[in-house]
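The next block holds one structure in the form of structure tokens; read it before the comments.
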Amino acid sequence: IHRFPLIPIRGIPLMNYIAQNWDSIWAFCPDPSDLLIATYPKAGTTWTQEIVDLLLHNGDAEACRRAPTPVRSPFLEIFSPPPIPSGLDFLNKMPPPRVIKTHLPFQLVPLGFWENKCKTIYVARNAKDNMVSYFHFDCMNLTQPEPGPWEGYIHKFMRGELSWGSWYDHVKGYWAEREKRNILYLFYEDMKENPRREVVRIMKYLDLSLSDDVIDRIVELTSFKKMKENPMANYTFIPTPVFDQSISAFMRKGEVGDWMNHFTAEQSKMFDEDYEKQMKEANIPFRTNI
Ligand code: A3P
């Protein structure tokens, strides 16, 4: 396992296995029945995947476990070193409708998703908590570049020098397209504040109508505590040389406002000033505490 340097594709730094296979990723064409879950890394992807999976299986966790492939929402752009199967290998083995996960910014999502009017759920998390979570993830994911010290990481985040590029451009890119593309744009903070409300919102977007009992069960099964214990969700199936969870657990903290335990007052001020510039006129209703 190596921490390879990132390679830019159309200006977006990507992991080397993704960049080297870019043409086949860009050429991927989904089925109109496929669902896309798009996020900047660490915004709540796994949580949303788990909710969607349970909604599609009427809240039946056993049925989710019996899914035909070990990966329930193939990761569109992930190309692993052989013989580990890549996201496209999984997708080609699964009949539609499929749930597909991506961290690609809007402009790098293969055009077939928009031409085929695929449903798309985007999850955004406030910049500071998203960055804290990404920092810990980069410490434990030994295929990502070294995060380096925290102080320097803040600057890399602000400059968009992390895998999948700038958080600012990412959240703005999908926000700008949400109406035209019928994207359900969710916030991690809303999910924390009222998980049931957000589960119902996703259910309606998927044109499903489940009983109140089933909805309650899904909310319970997708709590941080339950997911942390669930081997299908806590990524303990990824071998140690890739994810070293002794450094930091994938299901780390699951809270809003953990940034306060990381930023000094000075760093926070500097970050906020830059944030104002980068997010001016974006009008995306982010919250840094709830
Ligand atoms: P923290 O590092 O802040 O704990 P992703 O799935 O996009 O990689 O995001 C991972 C982040 O979402 C981690 O954040 C993880 O703990 C958090 N998370 C995962 N499941 C969650 C849940 N059910 N409730 C709250 N947070 C959750």
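Since every read-out is calculated from the coordinates, none of them should be taken as a lab result. Computed from a predicted structure; not experimentally measured. FYI the Cβ positions are ideal-geometry reconstructions off the backbone, even for glycines, and counts take in every protein chain you see.
Around the amide H of THR120, modelled in the peptide plane, lie the amide H atoms of LEU36, LEU184, all under 5 Å away and 5 or more residues distant in sequence or on another chain.
Fully extending the segment from PHE237 to GLN107, taken as 0.36 nm per residue of separation minus the present Cα-Cα distance, adds 43.7 nm.
Using the Cβ-Cβ distance between ARG10 and LEU208 with R0 set to 45 Å, the FRET efficiency from 1/(1 + (r/R0)^6) comes to roughly 0.80.
Relative contact order, whole percent, for the stretch 54-145 stands at 18, derived from Cα pairs under 8 Å and 6 or more residues apart. So what is the relative contact order of the stretch 136-258, in percent, for Cα pairs below 8 Å that sit 6 or more residues apart? Contact order relative to length: 32 percent. Each of GLY254, THR240, LEU55 was placed along the dipole of the chain (beta-carbon charges, centred on the mean Cα), and the one lying farthest toward the positive end is LEU55. Using 0.36 nm per residue and subtracting the Cα-Cα separation, the extra length available between ALA176 and ASP89 on full extension is 28.2 nm. When +1 charges are put on Lys and Arg Cβ atoms and -1 charges on Asp and Glu Cβ atoms, the dipole computed for the chain relative to its Cα centre reaches about 240 debye.
Per residue, the convex hull spanned by the Cα atoms of the stretch 1-117 measures out at 117 cubic angstrom. Among the listed pairs LYS204/LYS225; LYS128/LYS172; LYS253/LYS280, those whose Cα-Cα separation exceeds 23 Å are LYS204/LYS225; LYS253/LYS280.
Which shape class applies to the stretch 94-237: rounded if a/c is under 1.5, otherwise prolate when a/b exceeds b/c and oblate if not, where a ≥ b ≥ c are the square roots of the Cα gyration tensor eigenvalues?
On the way: a/c = 1.80, a/b = 1.27, b/c = 1.41.
In terms of gyration-tensor shape, oblate.
In the chain, a dipole from Cβ-located charges (positive for Lys and Arg, negative for Asp and Glu) runs towards its positive end, and of ALA282, PRO13, ILE121 it is ILE121 whose Cα lies farthest in that direction. If you take the beta carbon distance between ASN261 and ALA63 as r and set R0 to 30 Å, what does 1/(1 + (r/R0)^6) give as a FRET efficiency, to the nearest 0.05? Result of the calculation: an efficiency of 0.20. In plain terms, the chain from CYS29 to LYS280 could stretch by 86.9 nm, reckoned as 0.36 nm per residue minus the Cα-Cα distance.
Rounded to whole Å, give me the distance from the Cα center of the stretch 88-110 to that of the stretch 226-268. Cα centroid of the stretch 88-110 versus Cα centroid of the stretch 226-268: 24 Å apart. The mean sequence separation of alpha-carbon pairs under 8 Å and at least six residues apart, normalised by the residue count of the chain, gives a relative contact order of 24 percent. With helices as the sole contributors, the chain gives -11500 deg cm²/dmol at 222 nm; each DSSP H run of n ≥ 4 counts as -39500 (n - 2.57), and the sum is divided by every residue.
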